[in-house]
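Data block below; observations after.
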Amino acid sequence: MNFVILDLEWNGAYSKKAKKFVNEIIEFGAVKTDEQLNILDSFSMLVTPQIGKKLNHRVAELTHITNEELLDSNNTFTHVLSKFKKFLSDSVLLTWGTSDVLTLMENCRYYLGDEKLPFLSRYCNLQSYCEHMLDHHDKSRQMGLSTCAELLGLSDEGLELHRAFDDALFSLQCFKKLYDNEKFCNYIELANDEFYRKITFKNTIIYDAKNPLIDKKEFYICCDKCGKKAWRKNKWVMKNRSFRAQFRCNKCRRDFEGRITFRLKYDGVHIDRRVVEKEKVEKPSKKKCILNMLPTNNSKTEK
Ligand SMILES: [Zn+2]
């Protein structure tokens, strides 16, 4: 079994034909390894855009790719894709997050009229694998490649990040640090109908507490120190994607804020409960106001 780590660069361009913006792929970069993660081969190709005549400033700035380079490369998407198919062969495809696969699907739909990737047999989202291996629990934010590298103490020196090939190499470096063949195999998905349904499913946050998908019994918070159910002091309020309320743990004699987020994902509702220390909830300015309001006769020492 071989692995191919793919990274793409794309440029948002308005298509008159499709009457919408399309993320047009401008670069493919990939590295192929064996099961021990030894590099076997590499792939790097620019794609001459056919929808957007000019690169967005942001893309040009980020990638340092120039319009001239793209024109000179003289490669259509279809041509580069057919080369990439040969390169991939029957390897497992890996990308950092799903956006590269979704963009590849978007381009295939636009140019070939087929949303599915018939050349793809097995896939793994390297980002979710690394998140799992690093015990990264902040589900509200996905872990970026540079964050992961930082956590692993990897340096990007000598790499030109935001270029497809170097990003693929950098992903491989992170992967190497966290590679466990047995665990990794559980993360490989077959590119079947379910895979496409799952990858195109739009995750949403549930904002309405009365949504029938939410079980009322799920509205509880446990103290993160002793694990006991905490006592709720006031009503739940919805703020910034989470239900929040003030809690007290009678055993530990501490107060904190409890937050619950309900995310509707492909496979059902995911519940994320968090305890936030009181000091972190209250802003210093607010604290000062409260202090100022207290009847005090030692106001001089307050500063
Ligand atoms: Zn406690």
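Between ASN250 and SER82, what length in nm is gained on full extension when 0.36 nm per residue of separation is reduced by their alpha carbon distance?
Numbers: separation 168, 0.36 × 168 = 60.48 nm, distance 6.45 nm.
Value of the extension gain: 54.0 nm.
With unit charges on the beta carbons (Lys and Arg positive, Asp and Glu negative) and the dipole taken about the Cα centre of segment 3-200, which residue among ILE51, LEU169, GLY97 sits farthest to the positive side?
Positive-most Cα among the choices belongs to ILE51.
Rounding to the nearest 20 debye, state how big the charge dipole of the chain is about its Cα centre with +1 on each Lys and Arg Cβ and -1 on each Asp and Glu Cβ.
Working: 52 positive and 42 negative charges, 608 e Å.
Roughly 2920 debye, rounded to the nearest 20.
Per DSSP helix of 4 or more residues, -39500 (n - 2.57); summed, then divided by the residues of the chain. What does that give at 222 nm, rounded to the nearest 500?
Per the formula, -9000 deg cm²/dmol.
List the trypsin sites (Lys or Arg not before Pro) in segment 84-153 that DSSP assigns to loop (not H, G, I, E or B) and whose Cβ has at most 10 other Cβ atoms within 10 Å. Which are they? Walk me through the numbers before you get to the answer.
Values: sites: LYS85, LYS86, ARG109, LYS116, ARG122, LYS139, ARG141; in loops: LYS116, LYS139, ARG141.
Hits after loop and neighbour filter: ARG141.
In Å and whole numbers, how far do the C-alpha atoms of segment 100-214 stretch along each principal axis, longest first?
Computed over segment 100-214, the largest-to-smallest principal extents equal 47, 42, 29 Å.
Return one number: the angle in degrees, 0 to 90 and rounded to the nearest 10, between the long axis of the Cα atoms of helix 77-88 and the longest principal axis of the Cα atoms of the chain.
The helix 77-88 is inclined about 80 degrees to the chain.
Roughly how many whole Å is it from the C-alpha centroid of segment 199-224 to that of segment 121-185?
The two parts, judged by their Cα centres, are 29 Å apart.
Give, in nm to one decimal, the length gained when the segment between SER15 and GLU182 is fully stretched (0.36 nm per residue of separation minus the Cα-Cα distance). Write down the numbers at each step before the final one.
Details: separation 167, 0.36 × 167 = 60.12 nm, distance 4.43 nm.
Going from the current span to full extension adds 55.7 nm.
Cα centroid distance between segment 7-38 and segment 260-280, in Å?
32
Once segment 3-200 is represented by equal point scatterers at the alpha-carbon sites, with solvent omitted, what log10 I(q)/I(0) does the Debye formula produce at q = 0.17 Å⁻¹?
-1.22
At 7 Å along the Cα-to-beta-carbon direction for both GLN36 and GLU61, put a label point, then send me their distance in nm to one decimal.
The modelled label-to-label distance comes out at 4.5 nm.
Please give the FRET efficiency for LYS228 paired with LYS202, using the beta carbon to beta carbon distance and R0 = 41 Å, rounded to the nearest 0.05.
It comes out at approximately 0.65.
Taking segment 20-59, which trypsin sites (Lys or Arg not before Pro) meet the DSSP loop condition and have no more than 10 other C-beta atoms within 10 Å?
On the way: sites: LYS20, LYS32, LYS53, LYS54, ARG58; in loops: LYS53, LYS54.
Loop-located and lightly packed - LYS53.
Loop sites only, by DSSP: take the GluC sites (Glu not before Pro) in the chain that have at most 16 other C-beta atoms within 10 Å and name the longest stretch containing none of them. Show your work: numbers first, answer last.
Details: sites that count: GLU35, GLU115, GLU157, GLU160, GLU282.
Longest stretch, sites excluded: 161-281.
Restricting to the chain, compute how many DSSP beta bridges are antiparallel as a %, nearest 5.
Values: 47 of 54 bridges.
Approximately 85 percent, going by the DSSP bridge assignments.
As an exercise, take the mean of 1/r over every pair of distinct alpha carbons in segment 205-284, invert it, and state the Kirkwood radius in angstroms.
13.2
Bear in mind these aren't lab numbers, they're just calculated from the coordinates by the rules spelled out. On a predicted model such as this, the values are computed, not experimentally measured, just so you know. Using ideal geometry, Cβ is built from the backbone for each residue, glycine included, and neighbour counts are taken over all protein chains shown.
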